[in-house]
Amino acid sequence: MIICKSPAELQKMRRSGLLVYGILEELKHMIRPGISTAELERLAEKRIREAGARAAFKGYYGYPCVLCTSINDEIVHGIPSSERLLRQGDIVKIDVGVELEGYYGDAATTVAAGGITPPLERLLRVTQESLALAIEQARLGNRLGDVCSAIQRHVEAHGYSVVREFVGHGIGQKMHEDPQVPNYGTPGQGPRLREGMVLAIEPMVNAGSADAKVLEDKWTAVTADGGYSAHFEHTVAITRNGPWVLTRP
Ligand code: MF3
Ligand code: CO
């Protein structure tokens, strides 16, 4: 069942969304060669505590951290570590979720450590564009498949592939609500989008094959072929005035 949120609930989700946004902005500016993902974790943990919020991921099915930090061929759910330092040319996906006054916000971005090659820049750009195109479809009159297919169409037109094992999701008083929001689909299919629905839309895009596997740590998902992967995510409400990106000012 897809839960539609009232305007008052959307205002609460907006507060969670802006907290997530602010943390991601601060983390983005910390990214440079030599920093560890544990330093990012510490900052995020502090900001969430200061805001009187709760980290959404920590303890979720036993996940150990506040952030997911996934480097290069790691797709999602990479665990922050003080051992692994970012190097020039790496990309890091930072995913953060919070609960504030009972409502969740969830967003992710991919950031380069120092300069990256033009092909890698293109992967990031196309993934971010696919999220923008999907958000554009998150409006009354459309169906869920319009959102999902917009991602797939753009990604595949550029020769990349969308990951199948992980999907976006409804979000509200739980981090994961109905519906699932795959990064592939058919236009005109699926549930109709209604006022007050909130979706976490999160394209995960591989430069090579779509196949993924999970490492020994039981969390880190990596590309099967070792190719790079990019991830961007926003929490988006469907309103009568069009898509409202809650995790962006
Ligand atoms: N943004 C991810 C999601 O929506 C993060 C979940 S990580 C987990 O599923 F550890 F909490 F599972
Ligand atoms: Co999510």
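The values are calculated or read from the model by the stated rules, or taken from the named source; none is laboratory data. No experiment lies behind these values; they were computed from the predicted model shown. We place every Cβ from the backbone using ideal geometry, glycine too, and count neighbours over all the protein chains shown. The accessibility values were calculated without ligands, DNA or RNA, using every heavy atom of the protein model including side chains. Shrake-Rupley method; radii C 1.70, N 1.55, O 1.52, S 1.80 Å.
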So, restricting to strands (runs of 3 or more DSSP E) that lie completely within segment 8-125, which ones have at least 2 residues that are among the hydroxyl-bearing types (Ser, Thr, Tyr) and surrounded by 22 or more Cβ atoms within 10 Å (Cβ to Cβ)? 67-71, 103-112
Expected single match for within 16 Å of ligand 2 (Cβ to nearest atom), in contact with a strand residue (DSSP E or B) (Cβ under 9 Å, 6 or more places away or on another chain) and over 19 Å from Met175 (Cβ atoms) among Ser70, Ser130, Ser82 is Ser130
Checked segment 151-171 for anything open to solvent by 20 Å² or more (accessible area, probe 1.4 Å), among the aliphatic types (A, V, I, L, M) and either within 22 Å of Leu199 (Cα to Cα) or within 14 Å of ligand 2 (Cβ to nearest atom) (or both); matches are Val167
Any residue that is touching an Asp or Glu at 6+ places or on another chain (Cβ under 6 Å) and over 21 Å from Gly115 (Cβ atoms) - is there at least one of those in segment 8-30? yes
Which condition number in (1) open to solvent by 10 Å² or more (accessible area, probe 1.4 Å); (2) touching an Asp or Glu at 6+ places or on another chain (Cβ under 9 Å); (3) assigned to a loop (DSSP other than H, G, I, E, B) is the one that His234 fails? (3)
Return the total of residues in segment 193-231 being open to solvent by 30 Å² or more (accessible area, probe 1.4 Å) and hydroxyl-bearing (Ser, Thr, Tyr). 2
